[in-house]
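Note sheet for the following structure.
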Amino acid sequence: MTFITDFEAKVKKEAVKLVNISDKILVACSGGKDSTTILYLLKKWGYNVSALHVDLLMGAYSQGHVNNLTNFCKEQKIPLYIVNIREELGASMCYVRERIQSTTPMNNCMICGVIKRSILNKKAKELSANAIVTGHNRDDLAESIIMNVLMGNPRACMGLGSKSGVIESDLFAKRVKPLNYIAEDEIRRYSKEKNFPVIYDPCPCSHNAFRRFVKNLVTEYDLNQDNVIKLIKKIEPTINTKFKTNEVLKKCVNCGQATRNETCKSCEIIGLIKK
Ligand code: AMP
Ligand code: ZN
């Protein structure tokens, strides 16, 4: 088998476990190699896909993603929805981060992740999509496990499977990660061989992120990611038993999205901007 057919077969084996051909799928597209690869493949295999990009308005970096995705989706005949962060939050992501960080210790990726997740859920509901696909890969997974261990937060490992969400709820679409066990190097090679129009540079705002630190650690010491993932699979039953909850999610009093508290994380952040 060639690399391309081998890679596609491996991804398909994972994808069929997570999405059905009858699903209405919204692929969260950053404009990077991972989400572009899974968007392309799901479309190729006949799934009903649309793409959603959150334009974070981070200058030329964001504009490059918007242009690439617009051209790619047009060529692939995939509906593309672009949500402009200023229309959602009344400001660019850079302003939002600065404003929040002046009062609250939250890192760039944490703020951005919460806002993006909320927009994705909202848009999925609007479009009646019942599955959200993201491009998280095996390297992301191994890094997340190590980060959770270093932060002493084993509970956070519960959401790291290919089907995310500790609690199932009618309030949101299922979130799935077909590339969860596929190595980043292989996705990069596939994307390059396919000549996808993507930006390979990391987000310019993630330079101080804890994740970047862990990524460098894994690379520097050539840590075996499979061992990290095997370990978490072994202790998963213990983690699940310890933290299992019958919690029923509530609706956020502001926006109606699913939340454990009165207001969701995204509305909490928006509240901090207005302070
Ligand atoms: P990251 O957290 O940047 O590594 O991205 C993880 C996944 O989140 C990507 O593979 C995408 O599926 C999704 N994602 C990241 N950034 C965006 C964005 N600006 N718009 C839509 N989806 C995104
Ligand atoms: Zn809310």
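Answer yes or no as to whether residue 142 is in a helix (DSSP H, G or I), open to solvent by 20 Å² or more (accessible area, probe 1.4 Å) and over 25 Å from residue 50 (Cα atoms).
no
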All positions within the stretch 224-244 that are over 18 Å from residue 181 (Cα atoms), of a type in the set (S, T, N, Q) and under 24 Å from the mean Cα position of the chain (by Cα): 240
Boolean, residue 241 is at pLDDT below 85, in a loop (DSSP other than H, G, I, E, B) and loosely packed, with under 13 Cβ neighbours inside 10 Å: no
Condition check for residue 201: surrounded by fewer than 18 Cβ atoms within 10 Å (Cβ to Cβ), assigned to a loop (DSSP other than H, G, I, E, B) and modelled with pLDDT under 90: no
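Can you pull out every residue in the stretch 42-65 that is within 17 Å of the chain's Cα centre (by Cα) and in contact (Cβ under 8 Å) with a residue 24 or more places away in the chain? Show your work before the answer.
Step one: filter the stretch 42-65 for residues within 17 Å of the chain's Cα centre (by Cα), giving 42, 49-56, 62, 65.
Answer for the stretch 42-65, where residues must be within 17 Å of the chain's Cα centre (by Cα) and in contact (Cβ under 8 Å) with a residue 24 or more places away in the chain: 42, 49, 50, 51, 52, 53, 54, 55, 56, 65.
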Filter result (more than 16 Å from ligand 2 (Cβ to nearest atom) and either in contact with a Ser or Thr (Cβ under 9 Å, 6 or more places away or on another chain) or open to solvent by less than 20 Å² (accessible area, probe 1.4 Å) (or both)) within the stretch 93-106: 93, 97
The listed residue being touching a strand residue (DSSP E or B) at 6+ places or on another chain (Cβ under 8 Å), of a type outside the set (Phe, Trp, Tyr) and open to solvent by 60 Å² or more (accessible area, probe 1.4 Å), out of 163, 194: 163
Test: residue in the stretch 169-186 that is within 26 Å of residue 105 (Cα to Cα), within 18 Å of the chain's Cα centre (by Cα) and surrounded by 13 or more Cβ atoms within 10 Å (Cβ to Cβ): no
Selection within the stretch 244-260 - within 10 Å of ligand 2 (Cβ to nearest atom) and either aliphatic (A, V, I, L, M) or open to solvent by 50 Å² or more (accessible area, probe 1.4 Å) (or both): 251, 253, 254, 255, 258
Inter-residue pairs, beta-carbon under 8 Å, first charged (D, E, K, R) and in the stretch 252-275, second open to solvent by less than 30 Å² (accessible area, probe 1.4 Å), 6+ apart: 262/252; 265/114; 265/118; 265/259
Residue within the stretch 123-135 that is near ligand 1 (Cβ under 10 Å from one of its atoms) and under 18 Å from residue 210 (Cβ atoms) present: no
Residue match in the stretch 213-225 (condition: farther than 15 Å from residue 144 by Cβ, aromatic (Phe, Trp, Tyr) and in contact with a Ser or Thr (Cβ under 7 Å, 6 or more places away or on another chain)): no
Some residue of the stretch 228-249 being away from ligand 1 (no atom under 16 Å from the Cβ) and touching a strand residue (DSSP E or B) at 6+ places or on another chain (Cβ under 6 Å): yes
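With aromatic (Phe, Trp, Tyr), farther than 28 Å from residue 57 by Cα and within 16 Å of ligand 1 (Cβ to nearest atom) as the only criterion, which of 221, 200, 181 stands out?
Working: 221 fails: within 16 Å of ligand 1 (Cβ to nearest atom); 200 fails: farther than 28 Å from residue 57 by Cα.
The match here is 181.
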Cβ-Cβ under 6 Å pairs, at least 6 apart or on other chains, the stretch 19-31 side in contact (Cβ under 8 Å) with a residue 12 or more places away in the chain and open to solvent by less than 10 Å² (accessible area, probe 1.4 Å), far side near ligand 1 (Cβ under 10 Å from one of its atoms) and among the β-branched types (Val, Ile, Thr): 25/133; 26/132; 27/133
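The values are calculated or read from the model by the stated rules, or taken from the named source; none is laboratory data. Given the structure is predicted, the values throughout are model-derived calculations rather than measurements. Methodologically, a virtual Cβ is constructed for each residue, glycine included, from the backbone with ideal geometry; neighbour enumeration extends over all protein chains shown. For accessibility, only protein heavy atoms count, side chains too; no ligands or nucleic acids. Shrake-Rupley method; radii C 1.70, N 1.55, O 1.52, S 1.80 Å.
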